[in-house]
Amino acid sequence: RNGPPGEYIVTGKSRDTCDRNVITPLQNLTGHGLAYNQGRGYFHLFDKKVYVIGANDERASAKIKGATFAGALVDEVTELPESYFEMLFSRLTIHGSKLFGGTNPDSPYHWLKANYIDRFPDDERFFKRFKFNLDDNPSLHQEIKDDLKKKYQGLWYKRFILGEWVLAEGS
């Protein structure tokens, strides 16, 4: 609502995942005041045009080449091709533009961890990291959290329950 003027983008692996993980929750938060039709490829929120773009392979960067965005919301950053993410960053050229992204942890050698999280640990002007684990999720009932903790072990427990960027044992 208070972001700079201009066009915005919601992006993720596909339009379907953006719809499921971002747009539907936004509709619930805004009292369904957000009308989105996948055929159009955009919606309006707070009088701002927001494009919805899927980025499932290296060719996806062509979808945003030449665009200028005032802000971006990225669903599951680790699922995007690095070239697309780099192109997206280069498109945020409006003064005050920001990129917000969420993801589950992956390999500690993943490009997001190596090129951003580890590279800018204390530079809040450029990059701010928020880390959460399963117990931080207020929307899950404690019984479900307990069941998930019992279900996962090893690598998946460390990633999905503790929120750690780890490799499988012996890798």
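The values are calculated or read from the model by the stated rules, or taken from the named source; none is laboratory data. Predicted model, so just to flag it, every value in this text is computed and none were measured. Cβ placement follows ideal geometry from the backbone for every residue including glycine, while neighbour counts extend to all protein chains displayed. Quick note on the areas: whole protein, heavy atoms, side chains included, nothing else; ligands and nucleic acids left out. Shrake-Rupley method; radii C 1.70, N 1.55, O 1.52, S 1.80 Å.
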| query | Taking a ≥ b ≥ c as the square roots of the eigenvalues of the Cα gyration tensor of segment 93-171, is the shape rounded (a/c under 1.5), prolate (a/b larger than b/c) or oblate? | reply | oblate
| remark: Counting only protein heavy atoms and rolling a 1.4 Å probe, one gets per residue an accessible area for the chain in Å² of 62 Å²
| If you line up the long axis of helix 82-91 against the longest principal axis of the chain, both from Cα atoms, how many degrees apart are they, to the nearest 10? | 40 degrees
| remark: Surrounding charge for T17, neighbours by C-beta under 12 angstrom, Lys/Arg +1, Asp/Glu -1, total -2
| field | Given charges at beta-carbon only (K, R positive; D, E negative), |dipole| of the chain in Debye | value | 440 debye
| query | Where does the longest stretch of the chain lie that holds no GluC sites (Glu not before Pro) found in a DSSP loop with 13 or fewer other Cβ atoms within 10 Å? | reply | 1-123
| Looking at the square roots a ≥ b ≥ c of the eigenvalues of the Cα gyration tensor of segment 62-129, which shape do they give, rounded for a/c under 1.5, prolate if a/b is larger than b/c, or oblate? | oblate
| request: With everything on Cα atoms, drop me the angle between helix 142-151 and the longest principal axis of the chain, reported from 0 to 90° to the nearest 10. | output: 70 degrees
| message | Please compare each pair in K13/K151; K13/K128; K63/K131 to a cut-off of 25 Å on the Cα-Cα distance and tell me which ones are over it. | response | K13/K151; K63/K131
| request: Add +1 for every Lys or Arg and -1 for every Asp or Glu among the other residues with Cβ under 11 Å from the Cβ of E7, and state the total. | output: +3
| message | Let me make sure I get this right: for segment 1-64, a, b and c are the square roots of the gyration tensor eigenvalues over alpha carbons, sorted descending. Under 1.5 in a/c it's rounded, otherwise prolate if a/b > b/c, else oblate. Which is it? | response | oblate
| Sequence-distant or interchain residues sharing an amide H contact under 5 Å with V10, placed H: which? | Y51, V52, I53, L73
| Of the heavy-atom accessible surface of the chain (probe 1.4 angstrom), what whole percent is carbon and sulfur? | 50 percent
| note | Taking a crude spin-label model, label points 7 Å out from Cα along the C-beta direction, the E79 to L140 distance in nm is 1.7 nm
| note | Options (i) 61, 40, 31; (ii) 45, 36, 30; (iii) 49, 40, 23 are given for Cα extents along the principal axes in Å, and the computed one is (ii)
| remark: Under the Karplus relation with 6.51, -1.76 and 1.60 and θ = phi - 60°, whole-Hz ³J(HN,Hα) for segment 126-131, x at Gly and Pro, equal 9, 8, 10, 10, 10, 10
| field | trypsin sites (Lys or Arg not before Pro) within segment 101-171: DSSP coil, no more than 16 neighbouring Cβ in 10 Å | value | R119, R125, K128, R129, K131
| Nearby lysines by direct alpha-carbon distance to K48 (threshold 17 angstrom, same-chain neighbours under 8 apart not counted) | K98
| Top positive-direction residue, dipole computed over segment 58-145 with Cβ charges, set T93, V74, Q142 | T93
| remark: Summing +1 per Lys or Arg and -1 per Asp or Glu among the other residues with Cβ less than 12 Å from E79's Cβ gives -4
| query | Rounded to the nearest 5, what is the percent of antiparallel bridges among the DSSP beta bridges in the chain? | reply | 30 percent
